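J.: Supplied in structure tokens, the structure appears directly below.
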Amino acid sequence: MAHFDKAFPFTNKWMDQRLGVNTLQKVLSTEYWIPKNINFLWAMGMVLAATFGLLVVSGIFLLMYYIPDTGKAFDAVNYTIMSQVGYGWLWRHIHGVGASVVFLIIYIHMFTGIYYGSYKKGRELIWLSGMLLFVSFSAEAFSGYMLPWGQMSYWAGMVITNLFSLGSLELNGIVEWIRGDYVPGQAFLGRFFMLHVLLMPLLIMALIVLHFGTLRLPHVNNQDGEEIDFEESAALWKAGRKKESKVIPFNPVFMSKDVFVLGIYFILFFYLVFYHFEFAMDPVNFDPADPLKTPAHIYPEWYFLWSYEILRPFSKDVGLIWFGFAQVIFMALPFLDRSPNVAPASRRRPFRCWFWILLVDMITLTIMGKLPPTDPTFAMIGKIAAITFIVLWLILPFITKIEKLVGGKK
């Protein structure tokens, strides 16, 4: 080995002397300790990172043939890529399905954190960096939705950018500044193209690094909310007393579990890509953008529907206030939850009821948001669900302040 190092100095030892590769590997991998008592839901972060990687790779291939021009973008996506480029359809399906599935993973990851209290007791920055990632992914998805320049792309862009006029304040100058014109056009498409392919991906990558960094200290939470002495447990593992240790190393032990979950996930993912990709592609968007023909019902993608439905039932100004409330309130969760208990929701009453009501309510908002607001019954259900969402967050500080743990370990 010594002769090899002399012949080829650019080895692990050479790199370690200059960059501390072995130290970095220990800190981030072999001696990054994970609690034993966690389930497969803790693999969602790795699934999310892998899906983002797929989106980047597929996006690069699509970028080779996409033309950010209002007169050519629609044909570039729906004709050139889909029928003239070898396997262009596959890359578009991967990108479209990935854009939808990534939000499903984000919501699972987010509600797992809420259920197990992974935002509490020193882990606030983990939660806040995760929510910044959610906002960044939302901006990335919205900017990407504009690029096919279909009917729903155009009119969804029109409606969403109109929100920046702030209702009765009628700050139309801000809207025109964002669009680069009075209505969405070439400047609008060019700006959102830049956001989608450059600015937002760079921001997401930086936030992923920040999110993983915040996970290093303090350590990952566990499904029992148990406080673990990581140094003592790590010492037991290194001494060969693995059964007595309450932790496992990230690599290779926990990583192998992540890889298993990723294998199952990719089977389901590519099943959708090949057989049910249509769920990620709005049929209205297969018509070219027409500024003179308004769709009968304008709506965003499914992952934005819950917040869109909070906007719809109220007057313009009131709806905007509650819409803004819905966008930021999740970030305030670590500070609204006044309970000192770090435990799963199943042991926290009445927080358990609050959690499940919130989850069902957001599913209801999502379903109602897709329906046209013409049926009075559905409109009333949507309004009740929107009010319920608001009330749930307003009462959270009070119900968590009086809660008591039920059963299980302390």
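J.: Specify which residue in the list 95, 325, 146 is farthest towards the positive end of the charge dipole of the chain, using unit charges on the beta carbon of Lys, Arg (+1) and Asp, Glu (-1), about the Cα centre.
T.: Positive-most Cα among the choices belongs to 325.
J.: Relative contact order for the range 270-410: what is it in percent, counting Cα pairs under 8 Å that are at least 6 residues apart?
T.: For the range 270-410, the relative contact order is 32 percent.
J.: Determine, for each peptide in 393-403, 319-329, the mean count of other beta carbons within 10 angstrom over its residues, then list the peptides with the highest first.
T.: Result, highest mean first: 319-329, 393-403.
J.: If each residue of separation counts as 0.36 nm, what is the full-extension length gain between residue 318 and residue 287 once their alpha-carbon separation is subtracted? Before the final figure, lay out each step's value.
T.: Numbers: separation 31, 0.36 × 31 = 11.16 nm, distance 3.35 nm.
So the chain would gain 7.8 nm between residue 318 and residue 287.
J.: Compute the signed sum of charges (Lys and Arg +1, Asp and Glu -1) over the other residues within less than 15 Å, Cβ to Cβ, of residue 264.
T.: In short, 0.
J.: Considering the Cα positions of the range 201-284, please state its Rg to one decimal place and its Dmax as a whole number of Å.
T.: Cα only, the range 201-284: 19.0, 62 Å (Rg, Dmax).
J.: Calculated from DSSP H runs of 4 or more alone, at -39500 (n - 2.57) each and per residue, what is the 222 nm mean residue ellipticity of the chain, nearest 500?
T.: On the way: 17 runs with 236 residues, N = 410.
Taken over the chain, the calculation gives -18500 deg cm²/dmol.
J.: For the range 99-258, taking Cα atoms only, what is the radius of gyration to one decimal and the Dmax to the nearest whole Å?
T.: According to the Cα coordinates of the range 99-258, Rg and Dmax are 21.8, 69 Å.
J.: Turning to a different aspect of this structure: Give, in nm to one decimal, the length gained when the segment between residue 279 and residue 18 is fully stretched (0.36 nm per residue of separation minus the Cα-Cα distance). All intermediate terms of the calculation are to be shown ahead of the outcome.
T.: Values: separation 261, 0.36 × 261 = 93.96 nm, distance 5.01 nm.
Length gained, residue 279 through residue 18: 89.0 nm.
J.: Right, here's the next one. I want to check the label-to-label distance for residue 49 and residue 377. Put each point 7 Å from Cα in the C-beta direction and report it in nm to one decimal.
T.: 4.8
J.: Now for a different question. Quick one: Debye curve from the C-alpha atoms of the range 305-410, no solvent, what's log10 I(q)/I(0) at q = 0.11, 0.15, 0.19, 0.21 Å⁻¹?
T.: For the requested q values the scattering log ratios are -0.39, -0.66, -0.92, -1.04.
J.: Whole-Hz Karplus ³J(HN,Hα) for the range 255-265, in order, using 6.51 cos²θ - 1.76 cosθ + 1.60 and θ = phi - 60°, x for Gly and Pro?
T.: Going residue by residue, I get 4, 5, 5, 4, 5, 4, 5, 4, x, 4, 4 Hz, with x marking Gly and Pro.
J.: Would you mind checking 36/401; 36/257; 120/243; 26/238; 121/401; 120/242 for any pair whose Cα atoms are more than 20 angstrom apart?
T.: 36/401; 120/243; 120/242
J.: Turning to a different aspect of this structure: Amide H of residue 247: which non-local residues (sequence gap of 5 or more, or other chain) have their own amide H closer than 5 Å, using H built in the peptide plane?
T.: Residues meeting the amide H criterion: 36.
J.: Report the normalised scattering of the range 1-153 as log10 I(q)/I(0) at q = 0.09, 0.12, 0.20 Å⁻¹, calculated by the Debye formula with identical scatterers on the alpha carbons.
T.: -0.51, -0.77, -1.18
J.: Something else now. Indicate the gyration tensor shape class of the range 7-89 (rounded, prolate or oblate), computed on the Cα atoms with a ≥ b ≥ c the square roots of the eigenvalues: a/c under 1.5 is rounded; otherwise a/b larger than b/c is prolate and the rest oblate.
T.: Cα axes put the range 7-89 in the oblate bin.
J.: Right, here's the next one. For residue 171 and residue 327 in the same chain, what is the full-extension length gain: residue separation times 0.36 nm, less their Cα-Cα distance, in nm?
T.: 54.1 nm
J.: Per the Debye formula with a single identical scatterer at each Cα and no solvent contribution, what log10 I(q)/I(0) holds for the chain at q = 0.08 Å⁻¹?
T.: Here log10 of I(q) over I(0) equals -0.53.
J.: Per-residue counts of other Cβ atoms within 10 Å, averaged by peptide: what ranking do you get for 213-225, 268-280, highest first? Walk me through the numbers on the way to the answer.
T.: On the way: 213-225: 17.5, 268-280: 14.4.
Averaged packing, sorted descending, gives the order 213-225, 268-280.
J.: Okay, moving on. Label residue 256 and residue 363 with points 7 Å out from Cα along Cα→Cβ: what is the distance between them in nm?
T.: For the pair residue 256/residue 363, the computed spacing is 3.5 nm.
J.: Still on this model: Only loop residues by DSSP count here, and only those with at most 11 other Cβ atoms within 10 Å; note down the trypsin sites (Lys or Arg not before Pro) in the range 237-345 that meet that.
T.: For trypsin sites (Lys or Arg not before Pro) across the range 237-345 that sit outside H, G, I, E and B with at most 11 neighbouring Cβ atoms in 10 Å, the list reads 241, 243, 293.
J.: Could you work out the relative contact order of the chain? I mean the mean sequence separation of Cα pairs under 8 Å and 6+ apart, divided by the number of residues, in percent.
T.: 23
Bear in mind these aren't lab numbers, they're just calculated from the coordinates by the rules spelled out. None of the values given here were measured: they were computed from a predicted structure. Positions of Cβ are backbone-derived with ideal geometry, glycine not excepted, and every protein chain shown enters the neighbour counts.
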